[in-house]
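Participant: Here it is: the structure, laid out below.
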Amino acid sequence: MSFTLHDYVLSGNCYKVRLLAQLLEVSYTINPVDFHPGKAHKSPSFLALNPHGTLPVLESGDTVLTDSAAMLVWIAQQHDKQHTWWPINDAECLAMTVQWLGFSSQLTESIGQLRLHTMLNRPADAETLRRQSIRHLRELENHLTEQSIRGQAFLCGKQPTVADIACFAYTALSPDAGLEHTLYPGIRGWLHRIRCLEGFLTMPGIYEAHETRNEHTAAS
Ligand SMILES: N[C@@H](CCC(=O)N[C@@H](CS)C(=O)NCC(=O)O)C(=O)O
């Protein structure tokens, strides 16, 4: 089923949806919302659609989704006939996918908020956000290193799931928040493997600079 995405081009959460739709070759319509400087996502008409006043919003018929993780599941369940992106036939992989989708929301709260502070001067406790962001990057790095030792290239197994897409966005965009990838070889390899997926779509702020050849092939 096709859909309309209420979108802002520099939003990491909107990008997650654009990326999965592109990978699965799903067509959709974009409604650009003036997030900055217009704050159109706080206007009365937008709040009537999404009382949280956040982007993205996905609309399809009577369906209105206001959380990017829910959108990824909705798209994958309908358009991935192999059931690898939303792995309903593998209990362990499915549970891991839900767990890492939860982690992706934490990345929005740490790296995402620090990025808004760094790029748009949003008032924030930058030191606390920085500490949380680094803790999250280390947790991701440790998990990816363990996965690599098990011969698993992605967060939940040998194949990417919606959780990889959800975690990819703010991890890849962390240099915008002043957090480079230099210290995290496991993350660099994983970012590269996602970038190499057929149909990959990029966005402003995602760089290749820290990816080096011997690291990407480690777990593939
Ligand atoms: N849980 C939501 C969070 C969405 C979210 O925080 N979006 C940001 C943009 S990336 C937003 O609209 N923030 C409102 C603001 O900063 O004014 C999701 O994953 O979709």
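Participant: Can you tell me the alpha carbon radius of gyration of region 76-191 divided by the globular rule-of-thumb value 2.2 N^0.38 Å?
Facilitator: Here the Cα radius of gyration is 1.11 times the empirical estimate.
Participant: What is the Cα centroid distance between region 149-171 and region 59-106, reported in whole angstrom?
Facilitator: 13 Å
Participant: Grab the Cα-Cα distance for Phe200 and Arg135, subtract it from 0.36 nm times how many residues apart they are, and report the gain in nm with one decimal.
Facilitator: Fully extending the segment from Phe200 to Arg135 adds 20.6 nm.
Participant: Tell me, what % of the accessible area of the chain is carbon and sulfur with a 1.4 angstrom probe? Spell out each step's value before the answer.
Facilitator: Working: 5540 of 10540 Å².
Of all accessible area on the chain, carbon and sulfur atoms account for 53 percent.
Participant: Please work out how much length the chain gains when fully extended from Val64 to Glu208, using 0.36 nm per residue of separation minus the C-alpha to C-alpha distance, in nm with one decimal.
Facilitator: Here the segment from Val64 to Glu208 would lengthen by 48.4 nm.
Participant: Let me ask something additional. Sorted by average packing, counted as other Cβ atoms within 10 angstrom per residue and highest first, what order do 151-159, 28-36 take?
Facilitator: Highest to lowest by the protection proxy: 151-159, 28-36.
Participant: Which lysines, if any, have their Cα less than 29 Å from the Cα of Lys81, not counting same-chain residues under 8 positions apart?
Facilitator: Lys16, Lys158
Participant: Here is a further query. Evaluate the relative contact order of the chain (contact order divided by residue number), counting alpha-carbon pairs under 8 angstrom at least 6 apart; express in whole percent.
Facilitator: Values: 318 pairs, mean separation 48.6, N = 220.
22 percent.
Participant: Evaluate the distance, in nm, between pseudo-label points positioned 7 Å from the Cα of Met119 and of Ser105 along their respective Cα→Cβ axes.
Facilitator: Once both label points are built, they end up 2.3 nm from each other.
Participant: Okay, next question. Can you list the residues, at least 5 places off or on another chain, whose amide H is less than 5 Å from the amide H of Asp7, using H built in the peptide plane?
Facilitator: The list, which skips near neighbours in sequence, is Asn31, Val33.
Participant: For the chain, give the magnitude of the charge dipole about the Cα centre (Cβ charges: +1 Lys/Arg, -1 Asp/Glu; no others), in debye to the nearest 20.
Facilitator: Values: 17 positive and 22 negative charges, 61 e Å.
The calculated dipole for the chain is roughly 300 debye.
Participant: Okay, moving on. Please turn the phi angles of region 171-187 into ³J(HN,Hα) values with the Karplus equation 6.51 cos²θ - 1.76 cosθ + 1.60 (θ = phi - 60°), one per residue in order, whole Hz, x for glycine and proline.
Facilitator: With the stated coefficients, region 171-187 comes to 5, 5, 8, 4, x, 4, 9, x, 10, 6, 9, 3, 7, 10, x, x, 5 Hz.
Participant: Here's a follow-up. Using a Förster distance of 22 Å, how high is the FRET efficiency between Gln152 and Gln77, based on the Cβ-Cβ distance and rounded to 0.05?
Facilitator: 0.45
Participant: Modelled label-to-label distance, Asn89 and Glu180, 7 Å Cα→beta-carbon offset: nm?
Facilitator: 4.5 nm
Participant: So for the pair Gln159, His52, with labels modelled 7 Å out along Cα→Cβ, what separation do we get in nm?
Facilitator: Here the answer is 2.7 nm between the modelled labels.
Participant: Setting aside same-chain residues fewer than 8 positions from Lys42, which aspartates and glutamates have a Cα under 17 Å from its Cα?
Facilitator: The qualifying aspartates and glutamates are Asp7, Asp34, Asp67.
The values are calculated or read from the model by the stated rules, or taken from the named source; none is laboratory data. Everything numeric here is computed off the predicted structure, so don't read it as measured data. With ideal geometry, Cβ positions are generated from the backbone for all residues, glycine too; neighbour counts draw on all protein chains shown. Surface accessibility is based on the protein's heavy atoms, side chains included, excluding ligands, DNA and RNA. Shrake-Rupley method; radii C 1.70, N 1.55, O 1.52, S 1.80 Å.
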